[in-house]
Amino acid sequence: MIAAGLLAQAGLMAAAVVLAAVVPARYRARAAGPAIAGIGVAGAVTGLLALGGSQGVVEMPVALPIGPLLLSPTALGGFFMLVIGIVGAIAAVYAIGYVHGPSASRSSWMALAVFLASMQLVAAAADVVSFLLFWELMAVASTALVLTEHAQRATVRPAAIWYAGMTQVSFFLLLAGFGILAAQAGSTQFTALAVTAGDSTEANVAFVCLVLGFAAKAGVVPLHVWLPRAHPEAPSHVSALMSAAMVKLGVYGVILVVTRFLVGGATWWGLLILGLGLVSAVYGILQASVASDLKRLLAYSTTENVGLMLLAIGSAVLLRSNGTTGVADVALAACLLLVMAHAAFKTTLFLGAGSILRATGERDLDRLGGLGSRMPLTAAAFGIGALGAAALPLTVGFVAEWVLLQALIHGASASDRILAIVMPLTVGAVALTAGLALMTFVKAYGIAFLARPRSQGAEQARESPLTMRMAMAAAAMLVIALGLAPGLAARAVADAAGLVGIGSTGLLGIDLPAVGALLDPAWLAILAAALAVPVLMVSLRYARRRPRREVDLAWGCGGVRVSPRMQYTATSYAEPLARIFDDSLRPERDVIVTHSSEARYLVERIQYRQRLSDVFETRLYLPAIGLVDRMTTAGRRLQNGKIHFYLAYSFIAFLVVLVVVTL
Amino acid sequence: MRLDAAVLAVTQVVVMVVLTPLLIGLMRQVRSRLEGRAGAGIAQPWRDVRKLLAKEVLKAPGTSWVQATGPVVLVASSLVLCALIPLVGTVAFPLIPDDLFVVVGVLLIGTVALALVGLDAGSAFGGMGSSRHMTIAALVEPTVLVAIYALSVPIGSSALSQIVDSRMQSPASIAAPVSLLALVALAIAVIAETSRMPVDNPSTHLELTMVHEAMTLESSGRDLAWLELGSWLRLAALLGLIGALVLPWGLATEITPLTLLIGVVAVTIKLAILGAVLATVEVFLAKLRLFRVPELLAGSFVLALLAVTASYLTVQA
């Protein structure tokens with residue numbers, strides 16, 4: 001069954017590529033879209049089977065002396081295939097209505113099919129070579145997709161270059177890490193690598209290489225710089241796939257490393273992962289909270305969520321080395337639940353952002369507004385996604401964060417000083433992250449969908465076509481369904497990583513016997529509904545007596561101007577926060593005051609400009625790139641085109657070789 | 001067990017709805033007397049709510065369904081808080097934990113509803129209030145979670161009813177340094193979250209300094225009534241939580257008419273004491289500048305963090 005599922009994915013990929021190539025432009029979306037959705041469904045079904053314990057192998061012999069390529073998803077791989085498959089299917093259906101211009105081209109559809117299939121096969125790979133092969137395929141296809149609109153905007157090309165550069169950094173680190181492991185084990189198969197462990201230098205180097213390599217793909221600070229550039233520039237269905245599915249493979253890699261290849265390492269391994277996660281979570285959400293480009297905001301929020309996932313993995317490693325395996329299991333479960341939750345709400349949010357972009361041509365929150373009445377379904381779906389991202393109760397985001405916090409507060413113990421200090425700090429950081437996420441998504445929803453339109457594009461917005469609405473509704477439904485009945489998700493997660501101490505209870509609630517906590521959101525919803533009934537009854541009684549009366553102008557303390565430009569914008573909404581975190585965000589502000597010509601005390605015009613750049617990019621990457629640039633420029637002097645210089649070089653090289661050989 | 005919990009939850013909700021406007025009236029009355037005014041009597045908030053409920057609602061152009069739904073969501077979330085927090089007794093629903101994270105989550109639903117109401121009409125004041133409100137809420141959250149985490153360490157559970165139960169059984173733990181640190185941190189967080197002095201001035205009439213009031217400027221009639229009642233209920237529930245943590249006596253551990261009666265009387269007295277103290281302290285405080293508030297909150301976070309680490313160290317000793 002598994003083998004058939006894997007072959008079906010490859011077959012559907014080939015079919016989608018062929019359809020995208022031969023079907024004329026008018027019918028291309030309707031032909032290629034369903035085929036790509038089929039790849040996703042096949043992947044999800046295969047993943048579900050693997051999660052249920054089915055086994056199967058696809059073996060591809062190759063001519064090179066490296067053994068056959070193996071595809072055989074484990075339960076964990078199956079879990080990730082399931083998540084990626086569902087996201088892929090939804091994004092493909094969305095794409096049918098969304099694509100226009102360059103994103104509707106042959107190459108774009110072909111790359112989309114290859115991208116989705118290769119992501120699913122990465123999760124199925126059971127040996128190093130096939131893993132890296134599909135990893136690279138995924139990277140190439142996604143780079144092509146990021147480049148889709150390069151002729152429309154000048155910002156696309158630098159984004160793609162950053163992305164390709166960071167992807168290659170990630171690949172080389174992985175190659176080095178896997179190389180060390182494979183050399184030690186004498187085999188490239190994952191089952192053989194699994195025995196490699198210990199506290200040797202090789203293990204330490206391999207660990208650092210692999211974790212950093214996967215972290216770069218996952219968008220973890222300080223390797224995140226590609227993410228806030230590539231996500232906004234890619235077409236929205238691709239952003240959804242990249243953010244909700246592709247970065248998860250980085251998380252998958254880190255889990256593989258700590259649960260299969262290098263089990264039970266030193267304490268600093270756990271601290272390293274936890275530290276990376278902590279910094280990413282806080283920095284990511286801080287940048288997101290002050291961002292006014294909607295897709296950039298969502299991209300930074302991805303960094304935040306991946307940070308939380310790594311934080312969970314790091315605490316699981318620490319707790320396991322401390323001997324509290326029950327709580328460690330809960331932490332790992334929290335990580336997988338976060339993967340699921342983030343996939344659900346980030347798909348919804350990116351698809352919603354795409355819907356806004358398509359309807360208004362705007363991505364800048366400062367130029368949106370009033371979309372709630374113009375695009376009701378997009379507003380509802382984006383709202384649900386935003387609630388999930390803000391981790392409010394009754395959404396899947398809350399369940400995941402609740403499990404994480406339960407693991408953290410039960411993880412510390414008096415006997416372990418490191419844990420007694422690390423865990424409270426981590427709880428504080430997670431709480432700050434949650435608070436800032438709340439602010440970020442209230443801003444994103446409130447500024448985009450409420451109040452009055454701030455630009456003409458927003459004023460003339462129309463609701464999106466049917467396939468887009470279907471996809472958004474499906475994704476939003478997942479956010480709510482998994483949030484109300486997390487029991488199923490809990491079981492899937494427990495199966496995926498062979499965890500004990502997590503199960504379901506009540507009306508599909510979640511039960512954590514390892515830490516003595518349970519949560520049944522369905523009952524919470526019932527309680528809330530029961531308490532809301534009397535309030536609604538009172539409201540309806542008075543509403544019948546005195547209906548709402550529309551007035552011409554809002555009150556605004558008598559100071560409302562008719563111009564919508566007088567409203568609060570996303571930038572002004574985040575201004576207090578930008579001021580409070582001035583030291584870590586380093587915004588550049590220009591205020592130009594033009595005085596009236598008659599009197600200096602009268603102001604004619606004030607111009608305010610604020611630029612927020614990524615601190616890591618300006619302080620770390622740009623200087624490093626500048627250094628390399630200068631060195632290569634200096635190196636150019638050697639190559640001056642004069643033949644006798646080149647002869648001299650080869651003569652000197654010859655002498656050096658002779659000297660080295662004789663020594 | 002489940003029936004007991006339901007009886008208790010209904011009692012708590014009804015008692016809190018009846019008492020809360022009186023508590024606000026009491027606080028205003030204390031303030032008036034200390035400032036040398038006569039005051040309107042403690043039943044005035046009740047009369048205000050009744051009057052507002054019956055009044056006509058004005059709908060500004062461009063406002064959406066949020067204007068009508070937000071207030072109802074706020075009240076409903078406050079009522080859930082009243083049902084979950086151990087105010088009259090400590091019998092919890094078996095499947096809905098009165099878990100600290102769940103309580104904070106429900107609290108935040110109300111926060112978000114209020115912030116969205118502020119943004120809905122598109123007036124500059126509403127946006128300003130909403131922005132400040134969310135900034136403060138974001139900075140308060142670490143303190144709240146870490147402070148209650150500190151209280152949960154000795155018993156190994158984050159359920160509020162179990163924390164209160166254990167404090168009832170060993171009153172000495174209330175005066176322990178860890179518990180005091182955590183309580184001070186929690187009190188500061190509650191004051192910030194419920195928009196009281198010195199973070200926000202609940203009786204201000206100067207738009208530029210408003211936080212809470214700025215968000216409700218565009219609401220009228222029953223919308224405003226729900227917003228006011230919902231916010232008051234949040235304050236009362238959180239004060240009640242502090243009351244249960246500081247003075248855990250009188251709470252019903254099992255449900256009989258007598259224990260319920262004692263619980264209701266106890267919570268009334270506790271709320272009256274805490275409300276009077278809060279109002280008295282507020283008279284002597286000036287509102288902080290908005291950009292000094294983070295310093296206050298950072299201070300309270302450090303207290304909470306100290307409380308947690310200290311609680312591990314004392315367990316060891």
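Only one of these is in a helix (DSSP H, G or I), modelled with pLDDT under 95 and within 29 Å of residue A:353 (Cβ to Cβ): A:20, A:89. Name it. Even if it seems obvious, please write down each step before you answer.
Details: A:89 fails: modelled with pLDDT under 95.
Exactly one residue qualifies, and that residue is A:20.
Results for (1) more than 17 Å from the chain's Cα centre (by Cα); (2) within 22 Å of residue A:93 (Cβ to Cβ), shown as yes or no for each residue.
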{"residue": "A:340", "(1), (2)": "no, yes"}
{"residue": "A:348", "(1), (2)": "no, yes"}
{"residue": "A:359", "(1), (2)": "yes, yes"}
{"residue": "A:422", "(1), (2)": "yes, no"}
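Please specify each residue of the stretch A:332-380 satisfying the condition of being basic (Lys, Arg) and modelled with pLDDT under 95. Steps first, please.
So the first thing to find is which residues in the stretch A:332-380 are basic (Lys, Arg), and the list is A:346, A:358, A:363, A:367, A:374.
Correct list: A:358, A:363, A:367, A:374.
With the requirement that a residue be of a type in the set (A, V, I, L, M, F, W, C) and in a helix (DSSP H, G or I), what does the stretch A:455-478 give you? If you could, list the steps in order and put the result at the bottom.
In the first step, residues of the stretch A:455-478 are kept if they are of a type in the set (A, V, I, L, M, F, W, C); the result is A:458, A:461, A:466, A:468, A:470-478.
Listed by number, the residues that qualify are A:458, A:466, A:468, A:470, A:471, A:472, A:473, A:474, A:475, A:476, A:477, A:478.
Does residue A:603 satisfy the criteria of being surrounded by 10 or more Cβ atoms within 10 Å (Cβ to Cβ) and either in contact with a Phe, Trp or Tyr (Cβ under 9 Å, 6 or more places away or on another chain) or of a type in the set (D, E, K, R) (or both)?
No, not satisfied.
With the checklist (1) under 30 Å from residue B:117 (Cβ atoms); (2) within 10 Å of chain B (Cβ to nearest Cβ); (3) over 23 Å from the mean Cα position of the chain (by Cα) in hand, flag the one item residue A:436 doesn't pass.
(3)
Every residue, every condition in (1) under 30 Å from residue A:303 (Cβ atoms); (2) of a type in the set (A, V, I, L, M, F, W, C), yes or no:
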{"position": "A:599", "(1), (2)": "no, yes"}
{"position": "A:615", "(1), (2)": "yes, yes"}
{"position": "A:644", "(1), (2)": "no, no"}
{"position": "A:649", "(1), (2)": "no, no"}
{"position": "A:657", "(1), (2)": "no, yes"}
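State whether the residues of the stretch A:392-411 include one that is in contact with a Ser or Thr (Cβ under 7 Å, 6 or more places away or on another chain) and among the hydroxyl-bearing types (Ser, Thr, Tyr).
Taking every residue of the stretch A:392-411 in turn, none turns out to be in contact with a Ser or Thr (Cβ under 7 Å, 6 or more places away or on another chain) and among the hydroxyl-bearing types (Ser, Thr, Tyr).
Scan B:309, B:253 and give me the residue that is away from chain A (no Cβ under 13 Å), hydroxyl-bearing (Ser, Thr, Tyr) and farther than 27 Å from residue B:24 by Cα.
Details: B:309 fails: away from chain A (no Cβ under 13 Å).
Answer to the selection: B:253.
Sort out which residues of the stretch A:447-479 are buried (at least 18 other Cβ atoms within 10 Å of the Cβ), touching a Leu at 6+ places or on another chain (Cβ under 8 Å) and of a type outside the set (Gly, Ala, Ser), and write them in order of number.
Hits for the stretch A:447-479 are A:447, A:449, A:450, A:453, A:454, A:468, A:469, A:472, A:479.
Looking at (1) of a type in the set (A, V, I, L, M, F, W, C); (2) more than 7 Å from chain A (Cβ to nearest Cβ); (3) in contact with a His (Cβ under 9 Å, 6 or more places away or on another chain), which one does residue B:151 not meet, given that it meets all the others?
(3)
So, of the residues in the stretch B:184-219 that are away from chain A (no Cβ under 14 Å) and in a helix (DSSP H, G or I), which turns out to be surrounded by the fewest Cβ atoms within 10 Å (Cβ to Cβ)?
B:184
Would you confirm whether or not the stretch A:357-366 contains a residue that is out of contact with any strand residue (DSSP E or B) (no Cβ under 9 Å at 6 or more places or on another chain), of a type in the set (Asp, Glu) and crowded, with 24+ Cβ neighbours inside 10 Å?
No: zero hits.
Just the residues that are aliphatic (A, V, I, L, M) and either under 20 Å from the mean Cα position of the chain (by Cα) or modelled with pLDDT of 85 or more (or both), please, taken from the stretch B:154-171. Before you say what the answer is, go through the steps one by one.
The initial filter retains those residues of the stretch B:154-171 that are aliphatic (A, V, I, L, M), namely B:155, B:159-160, B:163-164, B:168.
Answer for the stretch B:154-171, where residues must be aliphatic (A, V, I, L, M) and either under 20 Å from the mean Cα position of the chain (by Cα) or modelled with pLDDT of 85 or more (or both): B:159, B:160, B:163, B:164, B:168.
Cβ-Cβ below 6 Å, separation at least six or inter-chain, first residue in the stretch B:185-209 and among the acidic types (Asp, Glu), second in a helix (DSSP H, G or I): which pairs?
B:193/B:140; B:200/B:212; B:207/A:557; B:207/B:125
Enumerate the helices (runs of 4 or more DSSP H) found wholly within the stretch A:529-637, keeping only those where 1 or more residues are within 28 Å of residue B:210 (Cα to Cα) and not assigned by TED's automatic domain parsing to the domain that holds residue A:437.
Result: A:570-573, A:575-580, A:582-585.
What's the total number of residues in the stretch A:553-599 that are in contact with a strand residue (DSSP E or B) (Cβ under 7 Å, 6 or more places away or on another chain) and within 14 Å of chain B (Cβ to nearest Cβ)? Talk me through it step by step, then tell me what you get.
At the first step, the residues of the stretch A:553-599 found to be in contact with a strand residue (DSSP E or B) (Cβ under 7 Å, 6 or more places away or on another chain) are A:571, A:587-596.
Restricting the remaining residues to those that are within 14 Å of chain B (Cβ to nearest Cβ) gives A:571.
Qualifying residue count, the stretch A:553-599: 1.
With the condition kept exactly as written, say whether any residue in the stretch A:356-378 is among the polar types (S, T, N, Q), assigned to a helix (DSSP H, G or I) and free of Cβ contacts under 8 Å to residues at least 12 places away in the same chain.
Yes, some residue in the stretch A:356-378 is among the polar types (S, T, N, Q), assigned to a helix (DSSP H, G or I) and free of Cβ contacts under 8 Å to residues at least 12 places away in the same chain.
What's the total number of residues in the stretch B:287-317 that are outside any helix (DSSP H, G or I) and either closer than 18 Å to residue B:136 by Cα or among the aromatic types (Phe, Trp, Tyr) (or both)? Before you say what the answer is, go through the steps one by one.
We begin by selecting, within the stretch B:287-317, every residue outside any helix (DSSP H, G or I); these are B:287-289, B:317.
Then drop every residue that is not either closer than 18 Å to residue B:136 by Cα or among the aromatic types (Phe, Trp, Tyr) (or both), which leaves B:287-289.
Count: 3.
The values are calculated or read from the model by the stated rules, or taken from the named source; none is laboratory data. The model shown is predicted, which means the values in this text are computed figures rather than measured ones. Ideal geometry is used to build each Cβ from the backbone, glycine not excepted, and the neighbour counts take in all protein chains shown.
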